[in-house]
Every structure is written in structure tokens, then in C-alpha cells.
1. Out of all the residues in the range 117-127, is one or more open to solvent by 10 Å² or more (accessible area, probe 1.4 Å), farther than 18 Å from Thr268 by Cβ and within 16 Å of the ligand (Cβ to nearest atom)?
2. Name the residues in the range 1-45 that are surrounded by fewer than 17 Cβ atoms within 10 Å (Cβ to Cβ) and in contact with a strand residue (DSSP E or B) (Cβ under 6 Å, 6 or more places away or on another chain), would you?
3. Out of all the residues in the range 162-177, which are of a type outside the set (Gly, Ala, Ser) and either within 14 Å of Cys140 (Cα to Cα) or more than 15 Å from the ligand (Cβ to nearest atom) (or both)?
4. In the set Leu100, Leu79, Leu35, which member is under 30 Å from Gly237 (Cβ atoms) and of a type outside the set (Ser, Thr, Tyr)?
5. If a residue has to be over 22 Å from Gly8 (Cβ atoms), touching a residue at least 12 places away in the same chain (Cβ under 8 Å) and within 21 Å of the chain's Cα centre (by Cα) to count, how many in the range 146-181 make the cut?
6. So His189 fits all but one of (1) within 17 Å of the chain's Cα centre (by Cα); (2) near the ligand (Cβ under 10 Å from one of its atoms); what number is the exception?
Amino acid sequence: MSAQLIDGIALSRHIRTDIAARVQTLKARGVTPGLAVILVGDDPASAVYVRNKVKACNETGMHSLLETYPASMTEAQLLDRVQALNQDPSIHGILVQLPLPPHMDAQKVIETISPDKDVDGFHVASAGALMTGLPGFWPCTPYGCMKMLESINYDLRGKHAVVIGRSNIVGKPMAMMLLHKNATVTICHSATTDLKAMTLQADVVVAAVGKRNVLTADMVKPGAVVLDVGMNRNDEGKLCGDVDFAGVREVAGYITPVPGGVGPMTITMLMVNTLESAEKK
Ligand code: NAP
């Protein structure tokens, strides 16, 4: 039997409608949620991501400020800009698009963003808050995955979740969020010796690797929920995830497509974080 799709576009639309209504409420009180997006250099993929984020802001009635700088910008200049935005009352969220040019220390730049405007959730204070269960911004991609599980009323308590990938922006925060919901969590990575043995035990698998076909049908327990975070290109140059979608959908209970799955949810959760930052003010 074919798995049910968790449609990230439809779910995003639903959440963004709610965001737009909350933005109007805030505006009536004289506050327009504002997101500043900084792009340094001319990476074409980054330019697309940034455009989509600004578009989403505009569609939900938020204020967006896009600042683009040449790759020749110095780190000190970028830090100055971030500090100025930290002080700007019309800005509730600051996002510095990664990757940055090699002469810049991305972590140092992120740590310069005020934690109360860190809507990407990458600041060490945000990571610490997530780890300890304190309030703070959650990184948008794993947060979007949690919303997808919520949308199918999936109760994680006592379930075994396997996260493939341990990056600071996806894998580790994903594992922590699943843990907060009482799942038993296994984190796999490039040194995991028998990935299939792990994933076959999983009620939920989150693939966040960045390699095609990391998860194939023979690695999935029948009925499992499969969330595909990966963004790769197939031989025809088309966007695809980490999961062998055609094969795995015949075994899984639920599956997210690529495109149209986790990707739109990531931007939606950025809007949620920015809105909530403004609401806190
Ligand atoms: P990353 O920093 O490169 O991390 C990849 C992780 O995968 C690492 O932890 C790595 O292990 C692990 N890994 C590599 N090969 C593996 C293998 N054969 N088996 C098991 N684990 C393996 O990537 P990321 O930033 O987390 O992103 C992961 C993917 O998600 C990428 O395709 C990225 O484009 C995509 N992404 C999508 C969105 C979205 O909105 N949809 C957002 C962010 C990222 P080690 O730690 O041992 O090296």
C-alpha cells in the first residue's frame, strides 16, 4: 500500500493564513513584524532562498529588509551591520544567509545576532535553550518537521525515532525536539556502521544527510513515518531528497515529498519565529 503524503505546501498555506491574521492583529496595535535578511556574495542557491524568504514575508504582511553585499565585504563590516540591526526596533528577526564567504567566521557572525532576534535559531543561546527545554527560537527546518508530525496527530511518546545526520542546524536540534516529545531517539551519521539495522527499528525516520538514496525501501519498517529533509539533484538535474521516494512510499505509512515537503515548512517556521519575536515585544 502506498504511504500517505504529508504535503508541506498545503500545511504551509494553512499556517501562513494564521500568521497573516496574527500579523494584522499586531499591526492594529502599531507593530509590524520585521525580518532583516542579509546576503553576502553571489551564491545562486542562496539568492533563491533569500528571495523566497522575502516573498513569504511580504505575503504574510510582514516587513522585510533585504540587504545584499558583495563577497568582498569584510567580516568587521558585516558585524557592524548585524549590530545596527540588533538595535533597530522595526526589526524583530535577523537572518544571515549561509554559507558566508570563506574569509568570514560564520559562527562569530551568528553569535553577534542578538538572541532575541535569532529567528534562525542558530545562536548558541538558542541551541542551549532547546537543549534545556527553556523558551527560545527553534531552528526552522526541524521545527517544520515537528509541525508535520503534529499535522498527522502523531504521538511520539515511546516511539523510536531515527535521525540520520547530526548537523547543528538540522540533525541535532531535530533529535532534541523528538526527545522533548518523549520519543526514544537514535542519531546516525557517517560513522554509523549499520544504518539499515537502525532505520529498520524506527517508527519515525528523519533523513538529513544531503545524499540521494540514503534511505531505500529495504531499510524502512512497514508503516513508518519518513521525513525527507535532504535537497539534492538527480541525474536529470531535478530537485530530490535523501529518500528513494518511489520505493519507500510503498513501505512507509507517511512520507514527505521533495520538492513540496520540508522545504516550504522551513520558510513557514521562519515566519512563525519572526512573528512570535514581534509578539513578545
Ligand atoms: P551537513 O551539515 O552536511 O550534515 C550532513 C550529515 O549527514 C552529517 O552529520 C554527516 O555525518 C551525515 N552523513 C553523511 N553521510 C552519511 C551516510 N552515508 N550515512 C549517515 N549519515 C551520513 O548537512 P545539513 O546542513 O544538516 O543538511 C542536510 C541536508 O538537508 C542537505 O541536503 C541540505 O541541503 C538539506 N537541508 C534542507 C533544508 C530544507 O529546508 N529542506 C534545510 C536545511 C538543510 P558526519 O557528521 O559524520 O559528517
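1. Among the residues of the range 117-127, at least one is open to solvent by 10 Å² or more (accessible area, probe 1.4 Å), farther than 18 Å from Thr268 by Cβ and within 16 Å of the ligand (Cβ to nearest atom), which makes the answer yes.
2. Scanning the range 1-45 gives Gln4, Thr32.
3. Taking the range 162-177 as the starting set, the residues that turn out to be of a type outside the set (Gly, Ala, Ser) are 162-164, 166, 168-170, 172-174, 176-177.
Within the range 162-177, Asn168, Ile169, Val170, Lys172, Pro173, Met174, Met176, Met177 qualify.
4. Working: Leu79 fails: under 30 Å from Gly237 (Cβ atoms); Leu35 fails: under 30 Å from Gly237 (Cβ atoms).
From the options Leu100, Leu79, Leu35, the qualifying one is Leu100.
5. From the range 146-181, those over 22 Å from Gly8 (Cβ atoms) are 157-158, 160, 166, 168, 179; that's our starting set.
Applying the additional criterion that residues be touching a residue at least 12 places away in the same chain (Cβ under 8 Å) yields 157-158, 160, 166, 168.
With the extra rule that they be within 21 Å of the chain's Cα centre (by Cα), the set shrinks to 166, 168.
Residues flagged as over 22 Å from Gly8 (Cβ atoms), touching a residue at least 12 places away in the same chain (Cβ under 8 Å) and within 21 Å of the chain's Cα centre (by Cα) within the range 146-181 amount to 2.
6. Unmet for His189, out of (1) within 17 Å of the chain's Cα centre (by Cα); (2) near the ligand (Cβ under 10 Å from one of its atoms): (1).
The values are calculated or read from the model by the stated rules, or taken from the named source; none is laboratory data. Source: prediction; values computed, not measured. Note that we place each Cβ from the backbone using ideal geometry, even for glycine, and neighbour counts take in every protein chain shown. Just the protein is used for accessible areas: all its heavy atoms, side chains included, with ligands, DNA and RNA removed. Shrake-Rupley method; radii C 1.70, N 1.55, O 1.52, S 1.80 Å.
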